[in-house]
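Let me begin by presenting the structure, written as structure tokens, before commenting on it.
The values are calculated or read from the model by the stated rules, or taken from the named source; none is laboratory data. Keep in mind it's a predicted model, so treat the numbers as computed, not measured. Note that each Cβ is placed from the backbone with ideal geometry, even for glycine, and that neighbours are counted across all protein chains shown. Protein only, heavy atoms only, side chains kept; ligands, DNA and RNA dropped before computing areas. Shrake-Rupley method; radii C 1.70, N 1.55, O 1.52, S 1.80 Å.
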Amino acid sequence: DVGQVFSQPFRSQGVLNSLKPKTIHGENLQHRFDWTWTNGVVNIQHPLSFDLVDVVQIPQKAANWSGRLTNLADGEDQFKITILLGAPKDESKLPAFIKAQNILNKIDCEKEFVKEEEAESYAANLKNEIHEYMQSRISVE
């Protein structure tokens with residue numbers, strides 16, 4: 001489970017306590033994300049697994065998320081999404097995963113992609129980013 005792969009380093013880095021659920025509202029759609037933090041922009045950390053049984057479902061899942069995020073981006077909530085990618089374990093499904101990533105890259109919103117093998121370094125970087133933001137808020141007050 002890609003969520004578990006990321007929650008472990010988030011927990012060990014002390015990041016998990018800084019991430020809160022938030023519902024993003026588009027004009028016609030809303031979605032609740034479990035891991036967000038705000039620094040003027042809602043920063044969403046969202047795990048998305050493509051380790052699916054049916055290879056046909058892999059690009060379809062990406063297309064569904066592309067539509068969802070496109071329809072959330074037209075609302076008043078300004079956000080950046082970091083998609084925490086879970087690749088298929090079966091290497092024969094990697095071409096479908098590449099297509100899925102191509103679909104996700106077309107989403108017209110601020111986005112970043114992090115692979116499972118980058119979970120530790122990403123958690124450390126996220127900890128620093130949140131810490132720097134909190135320090136800047138304290139120095140302003």
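Here Arg11 sits with roughly 130 square angstrom of accessible surface, probe radius 1.4 Å.
Probe of 1.4 angstrom, ligands and nucleic acids ignored: what's the accessible area per residue over the chain, in square angstrom? Could you put the intermediate results ahead of the total?
Working: 8080 Å² over 141 residues.
Counting only protein heavy atoms, the per-residue value for the chain is 57 Å².
For Ser49, the residues whose amide H sits under 5 Å from its own are Gly86, ignoring neighbours fewer than 5 places away on the same chain, with H placed 1.01 Å from N.
Shown for segment 80-119: the carbon plus sulfur share of the solvent-accessible area, taken with all protein chains present and a 1.4 angstrom probe, equals 47%.
Compute the normalised compactness of segment 40-89: alpha-carbon radius of gyration over 2.2 N^0.38 Å, N being the residue count. Mind showing how you got there, number by number?
Values: Rg = 12.6 Å, N = 50, 2.2 N^0.38 = 9.7 Å.
Taking N as the residue count of segment 40-89, the ratio is 1.30.
Starting from the Cα of Tyr133, move 7 Å in the Cα-to-Cβ direction to define the label point; list residues of segment 17-38 whose amide nitrogen is under 11 Å from there. Once the point is set 7 Å along Cα→Cβ of Tyr133, 18-20, 36-38 turn out to lie under 11 Å by backbone N, inside segment 17-38. The residue list Gln30, Gln135, Gln13 was ranked by how far each Cα lies along the charge dipole of the chain toward its positive end, using unit charges on Cβ atoms, and Gln30 comes out on top. Among the listed pairs Lys80/Lys127; Lys61/Lys127; Lys93/Lys115, which are separated by more than 27 Å between their Cα atoms? Beyond 27 Å: Lys61/Lys127. Each residue was assigned an accessible area with a 1.4 Å probe, and for Ser7 the value is about 10 Å².
Quick one: Debye curve from the C-alpha atoms of the chain, no solvent, what's log10 I(q)/I(0) at q = 0.12, 0.14, 0.18 Å⁻¹? Debye curve over Cα of the chain, log10 I(q)/I(0) at q = 0.12, 0.14, 0.18 Å⁻¹: -0.51, -0.68, -1.07.
Considering only DSSP beta bridges whose two residues both sit in the chain, what percent are antiparallel, to the nearest 5?
Numbers: 8 of 22 bridges.
Percent antiparallel among DSSP bridges in the chain is about 35.
A simple charge model with +1 on the Cβ of Lys and Arg, -1 on the Cβ of Asp and Glu and nothing else charged puts the dipole of the chain at about 140 debye relative to its Cα centre.
What does the charge add up to near Gln30, with Lys and Arg as +1, Asp and Glu as -1, over the other residues with Cβ less than 13 Å from its Cβ? Mind showing how you got there, number by number?
Numbers: positive: Lys22, Arg32, Arg68; negative: Glu27, Asp74, Glu76, Asp77.
Net charge around Gln30: -1.
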